[in-house]
1. Placing +1 on the Cβ of each Lys and Arg and -1 on the Cβ of each Asp and Glu in the range 2-151, which of M143, Y58, N133 has its Cα farthest towards the positive end of the resulting dipole?
2. Sum up the lysine pairs in the range 41-164 that clear both bars: alpha-carbon distance under 14 Å and a spacing of 8 or more or different chains.
3. Between beta-carbons, use under 13 Å as the cut-off and find the net charge around E70, counting Lys and Arg +1, Asp and Glu -1.
4. Once you put a point 7 Å from the Cα of N119 and another 7 Å from the Cα of K38, both along the Cβ direction, what distance in nm separates them?
5. As a test of the formula, what do you get for the chain when each DSSP H run with n ≥ 4 contributes -39,500 (n - 2.57) and the sum is divided by the residue count, at 222 nm and rounded to the nearest 500 deg cm²/dmol?
6. Would you please put 142-155, 69-82, 118-131 in order of how densely packed they are, using the mean number of other Cβ atoms within 10 angstrom per residue and starting with the highest?
7. Let me know the charge dipole size of the range 2-151 about its Cα centre in debye, to the nearest 20, where only the beta-carbon of Lys, Arg (+1) and Asp, Glu (-1) is charged.
8. So what does log10 I(q)/I(0) come out to for the chain at q = 0.11 Å⁻¹, using the Debye formula with one equal point on every Cα and no solvent?
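Laboratory data are not the source of any read-out in this text; all were calculated from the coordinates shown. In this text, all values refer to a predicted model and were calculated from it rather than measured experimentally. All Cβ positions, glycine included, derive from the backbone under ideal geometry; neighbour counts span all protein chains shown.
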Amino acid sequence: MKSLTIKILLIFNVLFFYSCKAQTANDYVPFYNNVVPKLNTIVPNKTQFYGQNFSSFYAELLNKQLYIVEFSCDYKTDPGSKFFVLRLFFAESDMWSAATNNSFQYPWISITFENEIPNQITAMARQTQGQWNSSFVQFFSNMKIEKIKFVGINGYNSADWTEK
């Protein structure tokens, strides 16, 4: 898991260099303080979504006014060749730059599905450059959730990176 987290951070660090809009800690802290309390209200009940369709979990996110902006897919095992994991992000990648520059945590949700994510996700993601839209809501809606992890929600300047 540690190597996977490092790989993800490296990928997003590369994306930072191509980001046009610079964000600062003054932009980041309010973003974090808006999103994380809402995520923390879902954490205690996350197991109720296990075995359920993604659409149920997505409805809960919308109910909490949490809006997905970007996403990525990943392997269930490292190394792997089949996507089972969906990562959901709540701000544009330029916010990662502000978080990284200030050693802040960045909140995201990692959802592992019971079944493999169909291969067509790769082309769809390339087409939108990882930007979330209603096509992805539909694409994932009937996929059954195996596990949910909340990452980066222990305080924006906390050294505790424990997943919940």
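1. M143
2. Summing the qualifying lysine pairs gives 9.
3. It works out to a net charge of -1.
4. Once both label points are built, they end up 3.7 nm from each other.
5. The per-residue figure over the chain is -12500 deg cm²/dmol.
6. On the way: 142-155: 17.6, 69-82: 13.9, 118-131: 12.4.
Top to bottom by mean Cβ count within 10 Å: 142-155, 69-82, 118-131.
7. 220
8. Log-scaled intensity ratios, in q order: -0.43.
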